[in-house]
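Novice: Have a look at this one before I ask anything.
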Amino acid sequence: MEAMIQNQNRLSPSVSDTAHPGSISSQSTLVTQTLVPQLGNVINDVDATSTWNEAQHVRSMSMENPLLGNSPSMSLVSGKVAPSYQDPPTSAIQDSAKIVQESAQNFSGGHIGPRENSDAANVDKEATILAPQMVNWEHHGPGSWLSVCSRPGLDWVSQRTGVADFDNSARELISTWTRRLTLDRNKLTGTKHREPDPETAWKYSYFEDSFDSTLGIVYRPEFESALRAHFRGDLVSGDDAAWFALRKTVYASGCRIYLSKNTSMSFTDIQTEAWSYFQSAMSVLIELLFTPTGLLAVRALVAMTFFSEGLGNPALEYMFCTSAARVAQAKGLHRRPAKAWNLAAHDELHYSWLFWAIYCCEKHIAHRSGRPSAIDDDEISCQIPSEACPGSTLDVEAFTYLIRHAQISSQVSKRLMSVKAFQQPPNTLLETVAQLDHQLREWRDSLPASMRPDDRLRSLQVPRDARYFPTILMHYAYYGSLMAIHTIFAYPWVYSTIFGNGRGIVTQDQVIFSSNTVAEAARNIIIIARGLEINGASIQWPTFYYPMIGLINLFIHILKFPSLPSARSDVALLDVAAGYFGHMEFITAGELSFPFARDVATVARQTVNKTSKTDVPAITSTEDGFSLAPDVDIPFSDIFCASQDFNLDDWSVFSSVFSDDALMNREIAF
């Protein structure tokens, strides 16, 4: 057995024992020989007068060139060929940086100035906003949790607080987060394909204490049967790459869970151990996407998506989930199976549940990033099953509720946060907000009492049973969607873009209702986060995304109404949130540090203190002291006035706050 495992470690990323035509092993040399001369010629032909788009394209190619330029050192093991890539030479990276610098010099000194009023300046607003040297820029829409870090958001915060250096805090937050959205090159090279011994493999083959098991991503009977056959050495499959990727991803995810529960290993060491398995899984990604595969490949891609949702690893879930959605739809999983397929009942269940798992994950990721979904709801005819296959770990009831919420979330993104939505008449938007708010509250009321979110939380204690993660997600999803639905009235820079700087068609009652709704949801989210455990197996959405958006939205509410009686208690709650992120920094040994939370709490406290010392009359509240009173006279022109006339094209969040020098230095260093 040991000899078999050692031999496996020396083989190609593909699980198949031979380098068959079409495998990674057999194609590596061909790709190298074909592309390297062409890439070299292209790079040499680029001069200083190239446009940014051309230079960007060449840079992207040159970043790949070092990987292709090193011919794999071929190791022969019993007649088998296994490519072993070396680290790219430093000179290649310097050449890439030089191209970026040359292209940057041709862009008006690299400065992004104010928007022009002429029509010509608005022809391609995206190109104007995105600085040429931003080779690693990321787009987040106005509904994203990073909206406050956009140029419109930062200008509004500066107006309300008088704090000129809040941009620095936002820059630090975005700099920290953007580094986690992509991989450092050293994480892609030197892959060592480890195979644990059978005892360890079974420990890492988790089916408890994981959120994805609730959705039945990995079908337990099928996986365990294949794993036994794998260790016996008699596994025969035409889906070798898919089985390899799925097995390694299960090891990676289970490793985090097992080591967090049963060892005293540090957060960083656990992530390093898990990443080594996941790195192996990624080595066959091209095969999963571009070679003939079956349902197992879709399962592998979804499992890789869920692993990427981990708090301690690079946040690659957007790309992985998009890939899973594309492959699933390419295989027709979004459609109701045709009768001509003659599918067995259990096969149809597998197809349907797997598609809906992808749907829930993809809609959630698209919503929180403010990016378009890869799944069109109008194209779906796949039915939601009412039962699971024997031996499956999925929770039919909880899963069905999550699907219903994802469908509402999809409508929120499409009908309220899209470019088309922002171009609708204000009356239409008001009606849409009312409709979606009603649908969401109906969904909440349909939940079992044990999973149903309250309007106001004092604390939340959830038993650590099989429904722990679904219950936490139901609460977070409900409060998060409430905030998303009412964002157009809660974010002044969004409000002024749609409705102007005055009252317009929006009634005061609507603004009061939306403000109260968003603030209460933000408080509830922070209270939930206070009781969460942070460890090596923590997931990103409950431990980072929702707590951060709760903190940001409560911060905005305080700045809008600093004289509200609840302002001081809300500032104290921001301190709780800041302490939570400080605890995260402690647990992760500084790997995850977000001083933005402390800065936000400080700015909010200063604003409230300054307001209390002025002659500004206190805003009245309801008897509970936390909500705006119905008869309050909201100073629209003061709260909702933006310093400039922004539109949707001004929301390229990352490019709005970075200085040119900081970006250039970061990209060259990368």
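Throughout, read-outs are computed from the coordinates displayed, never taken from laboratory work. Note that the structure is a prediction, hence the values are computed from the model and not measured. Ideal geometry is used to build each Cβ from the backbone, glycine not excepted, and the neighbour counts take in all protein chains shown.
Novice: Using a simple spin-label model with points 7 Å from Cα along the Cα→Cβ vector, what separation in nm is obtained for GLU585 and ARG464?
Specialist: Using points 7 Å along Cα→Cβ, the separation is 2.7 nm.
Novice: OK, next. How many times 2.2 N^0.38 Å is the alpha carbon radius of gyration of the range 317-370?
Specialist: The reported ratio for this selection is 1.25.
Novice: Can you tell me the FRET efficiency between GLN508 and ASP197 if r is taken as the Cβ-Cβ distance and R0 is 60 Å, rounded to the nearest 0.05? Mind showing how you got there, number by number?
Specialist: Values: r = 68 Å, r/R0 = 1.13.
Here the calculated transfer efficiency is 0.35.
Novice: Now for a different question. Which cross-chain or sequence-distant (5 or more) residues have an amide H under 5 Å from the amide H of ILE539, H modelled 1.01 Å from N in plane?
Specialist: Residues meeting the criterion, in which the H sits 1.01 Å from N, are LEU311.
Novice: Related question: Given a Förster distance of 35 Å, report the FRET efficiency between THR161 and LEU343 from their Cβ-Cβ distance, rounded to the nearest 0.05. Mind showing how you got there, number by number?
Specialist: Working: r = 60 Å, r/R0 = 1.72.
About 0.05, to the nearest 0.05.
Novice: For the pairs LYS192/LYS414; LYS331/LYS420; LYS414/LYS560; LYS331/LYS414; LYS192/LYS261; LYS363/LYS560, flag any whose C-alpha to C-alpha distance is greater than 32 Å. Don't skip to the end; give the middle numbers.
Specialist: Numbers: LYS192/LYS414 43 Å; LYS331/LYS420 30 Å; LYS414/LYS560 27 Å; LYS331/LYS414 25 Å; LYS192/LYS261 26 Å; LYS363/LYS560 30 Å.
Going by Cα-Cα distance, LYS192/LYS414 fall outside the 32 Å limit.
Novice: Residues with beta-carbon under 11 Å from that of THR249, excluding THR249: net charge, scoring Lys, Arg +1 and Asp, Glu -1? Numbers along the way, then the final one.
Specialist: Details: positive: ARG247, LYS248, ARG299; negative: ASP212.
Neighbour charge sum, excluding THR249 itself: +2.
Novice: Then there's this: What is the diffusion coefficient of the range 193-394 in µm²/s, taking the Kirkwood radius over Cα pairs and the Stokes-Einstein relation at 25 °C with a viscosity of 0.890 mPa s? Don't jump to the answer; show the numbers that get you there.
Specialist: On the way: Rh = 17.4 Å.
Taking Rh from Cα pairs, D becomes 141 µm²/s.
Novice: Just add up the charged neighbours of LEU259: K/R +1, D/E -1, any other residue whose Cβ is under 10 Å from the Cβ of LEU259.
Specialist: Details: positive: LYS203, ARG256, LYS261; negative: ASP269, GLU273.
Its environment carries a net charge of +1.
Novice: Still on this structure, I have one more. Quick one, what does Rg over Rh come out to for the range 343-385 if you take C-alpha atoms and the Kirkwood Rh? Before the final figure, lay out the partial values.
Specialist: Working: Rg = 12.1 Å, Rh = 11.4 Å.
When Rh is taken as the Kirkwood radius, the ratio is 1.06.
Novice: At a Förster radius of 30 Å, what calculated FRET efficiency corresponds to the Cβ-Cβ distance of ILE384 and HIS438, to the nearest 0.05? Don't skip to the answer; put the middle values down first.
Specialist: Numbers: r = 22 Å, r/R0 = 0.72.
According to the calculation, E is roughly 0.90.
Novice: Quick check: pseudo-label points 7 Å beyond the Cα along Cα→Cβ at GLU172 and ASP269, how many nm apart are they?
Specialist: So the label points at GLU172 and ASP269 sit 3.0 nm apart.
Novice: Cut-off is 10 Å between beta-carbons; in what order do ASP570, ASP269, ASP378 appear when sorted fewest neighbours first?
Specialist: Details: ASP570 24, ASP269 14, ASP378 6.
The most exposed by this proxy come first: ASP378, ASP269, ASP570.
Novice: Further, regarding this structure: Dividing the Cα convex hull volume of the range 397-639 by residue count, how many Å³ per residue is that?
Specialist: Values: hull volume 31.2 nm³, N = 243.
Cα convex hull per residue, to the nearest whole number: 128 Å³.
Novice: Related question: Between VAL396 and VAL576, what length in nm is gained on full extension when 0.36 nm per residue of separation is reduced by their alpha carbon distance? Before the final figure, lay out the partial values.
Specialist: Values: separation 180, 0.36 × 180 = 64.80 nm, distance 3.57 nm.
Roughly 61.2 nm would be gained on extension.
Novice: Quick one: order ILE286, ILE403, ILE485, ILE526 by neighbouring beta-carbon count within 10 Å, fewest to most. List each step's numbers first, then the result.
Specialist: Numbers: ILE286 13, ILE403 17, ILE485 31, ILE526 21.
Ranked by crowding around the Cβ, least crowded first: ILE286, ILE403, ILE526, ILE485.
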